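One structure is given here, and the rest of the page talks about it.
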Amino acid sequence: MMSGLFYFFWFLAIVAFVFEVIALIDVLQVPEGAFPAADKQTKKLWLILLVVANVVGLGGAAGILSLLSFLPIAAFIVAAIYLADVKPAVKPYKNKKGGGNSGSGPYGPW
């Protein structure tokens, strides 16, 4: 018999997994040079950490790992550190697609 508390923790695991996916998608969009420019760890390290966090988070959300295990909690903490500290620091260096001046050509302003 499953109690309401089990469903509450399962819901939290799903929400944590969504945050981990958002962090992974964001790290893929940031150029590699942005991390040293913002005085943060390398993109490769954050990519490895967030891929592992996503695998562990998926295991927690799917019920493969115990919901009270420390691994899904650690995975969420990794994603939270990225989203709260690294993402704002590297945001100015993100690639701007489709933006820019409407009066600029491929080699500068017209």
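Here is how the numbers come out for the structure above:
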quantity	calculated
Amide H partners (placed H, <5 Å) of LEU65, local residues excluded	GLY60
With every protein chain in place, the stretch 1-46: carbon and sulfur % of accessible area (1.4 Å)	73
Where labels lie 7 Å past Cα in the beta-carbon direction, separation of LEU28 and LEU47 in nm	1.1
The stretch 37-80, accessible area per residue, ligands and nucleic acids excluded (1.4 Å, Å²)	58
Largest-first ordering by accessible area, 1.4 Å probe, given options PHE8, PHE70	PHE70, PHE8
Where labels lie 7 Å past Cα in the beta-carbon direction, separation of LYS94 and ILE73 in nm	3.1
With all protein chains modelled, accessible area of ILE77 [1.4 Å, Å²]	90
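The values are calculated or read from the model by the stated rules, or taken from the named source; none is laboratory data. Because the structure is a prediction, the values reported are computed rather than measured. Here the Cβ is made from the backbone with ideal geometry for all residues, glycine too, and neighbour counts use every protein chain on show. Surface areas here come from the heavy atoms of the whole protein model, side chains and all, with no ligands, DNA or RNA. Shrake-Rupley method; radii C 1.70, N 1.55, O 1.52, S 1.80 Å.
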